[in-house]
1. Calculate one ³J(HN,Hα) per residue across segment 26-34 by plugging θ = phi - 60° into the Karplus curve 6.51 cos²θ - 1.76 cosθ + 1.60, and present them in order as whole Hz with x for glycine and proline.
2. For the chain, set up a GNM with springs between Cα atoms under 10 Å and report which of Leu72, Leu61, Leu22 has the largest fluctuation.
3. Strictly over 20 Å apart at the Cα level, which of Lys51/Lys110; Lys8/Lys110; Lys28/Lys78; Lys8/Lys51; Lys8/Lys28 would you flag in this model?
4. Using DSSP to call loops (not H, G, I, E or B), can you name the GluC sites (Glu not before Pro) in segment 46-112 whose Cβ has at most 14 other Cβ atoms within 10 angstrom?
5. What is the Cα convex hull volume of the chain when expressed per residue in Å³?
6. Rank Pro83, Pro64, Pro54 by mean-square fluctuation in a GNM of the chain with C-alpha springs under 10 angstrom and give only the top-ranked residue.
7. Compare the Cα positions of Phe23, Met87, Pro54 along the charge dipole of segment 19-99 (+1 at Cβ of Lys, Arg; -1 at Cβ of Asp, Glu; about the Cα centre) and return the one farthest towards the positive end.
8. Compute the distance in nm between two label points, each set 7 Å from the Cα along the Cα-to-Cβ direction, one at Glu50 and one at Ala6.
Amino acid sequence: MAETSAIKKFLIVDDSVVERVLFRNLLKRNWPQCEIIEASDGIEGLQAFEKEMPDLVLTDLCMPRSGGMELLAALRDKECLVPVVVMSGIGNEESAVAALNAGAASYVPKLQ
């Protein structure tokens, strides 16, 4: 995984505007000079990834149209080495194992 000091650009993929704002604020507080790109689902996330080439992807697991597992699979199909962190508020241990087995760098449960 890339060192956080080397991360300059984050891609946040989440269908919840509130969650994206929370993550954007958290990232900006810890890395004020970073650039934040946002997308509302896996399809938009893949388009944003290809256009912006972020250093780290934070993606929700469950989203309409295309979720985090689909985004992760698309990035791995492209042999992308950028770390992908999968997040979920409704996931369980099985979801975490599936995400990690699919190539996610980490799985983070969202606090509800």
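1. 3J(HN,Hα) across segment 26-34, in whole Hz: 4, 5, 5, 5, 8, 9, x, 8, 6.
2. Largest GNM mean-square fluctuation: Leu22.
3. Lys51/Lys110; Lys8/Lys110; Lys28/Lys78
4. Counting only loop positions with at most 14 other Cβ atoms within 10 Å, the GluC sites (Glu not before Pro) in segment 46-112 are Glu79.
5. Cα convex hull per residue, to the nearest whole number: 93 Å³.
6. Pro64
7. Checked the options; the winner is Phe23.
8. Between Glu50 and Ala6, the label points sit 2.6 nm apart.
No value in this document is a laboratory result; all are computed from the given coordinates. Remember, it's a predicted structure, so these values are computed and weren't measured experimentally. As a convention, Cβ positions derive from the backbone with ideal geometry for all residues, glycine included, and neighbour counts pool all protein chains shown.
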